[in-house]
Amino acid sequence: MKEYVESFLELLYPEKNTCFICNVYDSSINDKYICSDCEKKLVKIMPPFCVKCSKPIDYVSDCLCPDCSVYDKSFETAKSPFSYEGIIKESIYSFKYYNKPYFYKFFSYCLLRYMNEIDYTNFDYITSVPLHKSKMRTRGYNQSELLAKSLSDGLSIPYAYVLKRTKKTTKQSLQSKDERRKNLKGAFAIKSPLKNENIKTSSVLLVDDVYTTGSTADECSKTLLDFGVSKVYVITIAR
């Protein structure tokens, strides 16, 4: 099945050495999937930032942002290399809504480089935020799962099919922080608990595309911790 999916996605890739962002051809692009001009436009998150969720802050580092000071998050820490704006925001939107599943190659390249640079690679398992089955039917793929599986291959860490979405939630981007938390309460569950006994007492990296308020990551983390996972860490492309 994995080979079939990979073969299908290969049919959708732009020509080799073509920038995913601007479609320019450059023989030096290789497995970066982005040209040097577009790469310069990526807005990276720079310190100081919150030690819990990586939100940029304007005071001394090793501190929590106001949101993490008020709301205790269940995950250990959440990391993101990019600010959700410009090229990254447009690319994530294309990845999710414009039938460009192959963009996981570009995002995986960015995340693997970032994770190795900051030594954020010591996990027992990798999993992803699930889509509701109705949205999966409409979209045809889960962008977070594609990305997580690519990270799994790149880091040689097993991917765990452990979470499922049991509640069809309204669109998160249209809601306030408190509404998002209420909307997601009880929205996730463990998929095949008996088959996933092996992840108990382990550390798990949860993968998603964007960190906004942290409600999704927090609710998924609670579900994993309640099941017996020892620690949950989060990685997203942007925040």
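The values are calculated or read from the model by the stated rules, or taken from the named source; none is laboratory data. Everything quoted here is computed from the prediction, not taken from an experiment. As a convention, Cβ positions derive from the backbone with ideal geometry for all residues, glycine included, and neighbour counts pool all protein chains shown.
Per-residue answers, yes or no, for (1) surrounded by fewer than 22 Cβ atoms within 10 Å (Cβ to Cβ); (2) assigned by TED's automatic domain parsing to the domain that holds PHE82; (3) under 22 Å from CYS68 (Cα atoms):
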{"residue": "ALA160", "(1), (2), (3)": "no, yes, no"}
{"residue": "LYS164", "(1), (2), (3)": "yes, yes, no"}
{"residue": "ARG180", "(1), (2), (3)": "no, yes, yes"}
{"residue": "ALA189", "(1), (2), (3)": "yes, yes, no"}
{"residue": "ASN196", "(1), (2), (3)": "yes, yes, no"}
{"residue": "LEU225", "(1), (2), (3)": "yes, yes, yes"}
Do we have any residue at all in segment 92-102 that's over 21 Å from LYS231 (Cβ atoms) and more than 17 Å from the chain's Cα centre (by Cα)?
-> yes
Do we have any residue at all in segment 84-104 that's closer than 19 Å to TYR233 by Cα and among the aliphatic types (A, V, I, L, M)?
-> no
Mind listing just one residue for me: the one in segment 8-64 that is modelled with pLDDT under 90, among the hydroxyl-bearing types (Ser, Thr, Tyr) and assigned by TED's automatic domain parsing to the domain that holds GLY154 and, of those, surrounded by the most Cβ atoms within 10 Å (Cβ to Cβ)?
-> SER61
